[in-house]
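Single-structure report; data block below.
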Amino acid sequence: MAPESWPAAMEGRVTSGAATGVLGKVYLYQKKYAEAKAEFAKVMDGSYELMENYADNFTEASENNKESLFEVQLVNDGNTGWGGDDPGKGKGAAFHPDIAPRGFTGQDGMRINNWVLDLFLDEKTVNDEIDPRAFTTLFFDTDETTIYKGDTLASKTYGDKSYQDVFEGSDLVWGNKWLDITFDDKTGSQDNGWHQSGNNLRLLRYSDVLLMFAEAEFMLNGSTATALDAINEVRARVDMPALTSITMQDIEDERVKELSLERTRYFDILRWGKVEEYIVNKPELKSESAGTSSYRPGREYIAIPQNEIDANPVFKQNPGY
């Protein structure tokens, strides 16, 4: 049994809350909604809370906070070799160059599908402003701002540059979440080498638990007050108006706005049985993504390695292999 917490020297190890949250997620994928809801409810006992400021979930200065159930511990120690080849090296956040806008990375930059921005812009906050999560998540063409937690949020990237400073005349959408652009006055994603950031990678947050709880409750009982309370807690944190009823589409949309660039999207549509629909049959959703020729029916899951099957006869190979 994992403990509720670890001493500071062991911070980052799996806790009972992390294990419980992941177990609930497993049940959700298995469509065991009552079991999933019960596990999520255990985490919703006050042990975890939402951070007051949404953006504090993605900065090096606020790692291992009260909203985090589990995160990969990363450190910028200047040792930038790859871990498999150089043990003890490569302990920084090497994923930043993968998601930084073009011009701030050694790569081409990761463009975001236009529909993601459109979804953020579909509704306004209670103060008739853009959802503050849009500015945390995306770098996009706008001169609008949002007042959030006493700060004025605007579309900015490394070097405090506006979108038009960098991409004048363009309307492409780029990523911003995780880049921690103000930390150490960085001017790009590789200022001090490939692993230039020690920003931890959050794998499970309390807001995700709340949204999964709402999903499990919705699948069991529909648009109940219990489901609404959970999803509205997530929305209230970013000044979005409370929903008075929900559909499954509302839950799906809220997960995009809350969790984009957090490695959840493919697994969400896999759970909902919508991989082929969204990746193949709706090309409008892939405005900035690669083609669909790599999709193979039956291979929505990766193959289980043969050595794992040989070691455990209970395992059965996934379909399509």
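Under 5 Å between amide H atoms, partner at least 5 residues away or on a different chain: which partners does Leu204 have, H built in plane at 1.01 Å?
For Leu204, the qualifying residues are Leu69, Phe70.
Hey, can you find the accessible area per residue of the chain for me, probe 1.4 Å, expressed in square angstrom? Please list the in-between numbers first.
Values: 15800 Å² over 321 residues.
It amounts to 49 Å² per residue over the chain.
Binning every alpha carbon pair distance of the chain at 20 Å from zero, what are the percents per bin?
For the chain, the pair-distance distribution reads 28, 61, 11.
Give the residue list of GluC sites (Glu not before Pro) in the range 1-48 that are DSSP loop and have at most 14 other beta-carbon atoms within 10 angstrom.
Here the GluC sites (Glu not before Pro) that fit, given the DSSP loop and packing criteria, are Glu4, Glu11.
Heavy atoms only, probe 1.4 Å: what % of the accessible area of the chain goes to carbon and sulfur, would you let me know?
Summing carbon and sulfur atoms, their accessible area is 51 percent of the total for the chain.
What does the charge count near Thr145 come to, summing +1 for each Lys or Arg and -1 for each Asp or Glu among other residues with Cβ under 11 Å from its Cβ?
Net charge in that neighbourhood comes out at -3.
Mind listing which trypsin sites (Lys or Arg not before Pro) in the range 58-104 are in a DSSP loop and have 14 or fewer other Cβ atoms within 10 Å?
On the way: sites: Lys66, Lys89, Lys91, Arg102; in loops: Lys66, Lys89, Lys91, Arg102.
Answer in residue order: Lys66.
Roughly how large, in nm² to one decimal, is the mean projection of the convex hull of the alpha-carbon atoms in the range 83-217?
The number I arrive at for the range 83-217 is 10.7 nm².
Quick check: with the 1.4 Å probe, what order do Met240, Met248, Met219 take by accessible area, largest first?
Details: Met240 10, Met248 40, Met219 85 Å².
Ranking Met240, Met248, Met219 by accessible area, largest first, yields Met219, Met248, Met240.
Give me P(r) over the range 154-303, computed from all C-alpha to C-alpha distances, binned every 5 Å, as integer percentages.
With a bin width of 5 Å, the distribution comes to 1, 7, 13, 15, 15, 17, 15, 11, 5, 1, 0.
Which of rounded, prolate or oblate describes the range 1-94 when judged by the alpha-carbon gyration tensor and an a/c cut-off of 1.5?
Details: a/c = 2.20, a/b = 1.72, b/c = 1.28.
Prolate is the answer for the range 1-94, as a/c is 1.5 or above and a/b outweighs b/c.
The values are calculated or read from the model by the stated rules, or taken from the named source; none is laboratory data. What you are looking at is a predicted structure, and each value in this text was computed from that prediction instead of being measured. As a convention, Cβ positions derive from the backbone with ideal geometry for all residues, glycine included, and neighbour counts pool all protein chains shown. We work out accessible area using only protein heavy atoms, side chains counted, and drop any ligands, DNA or RNA first. Shrake-Rupley method; radii C 1.70, N 1.55, O 1.52, S 1.80 Å.
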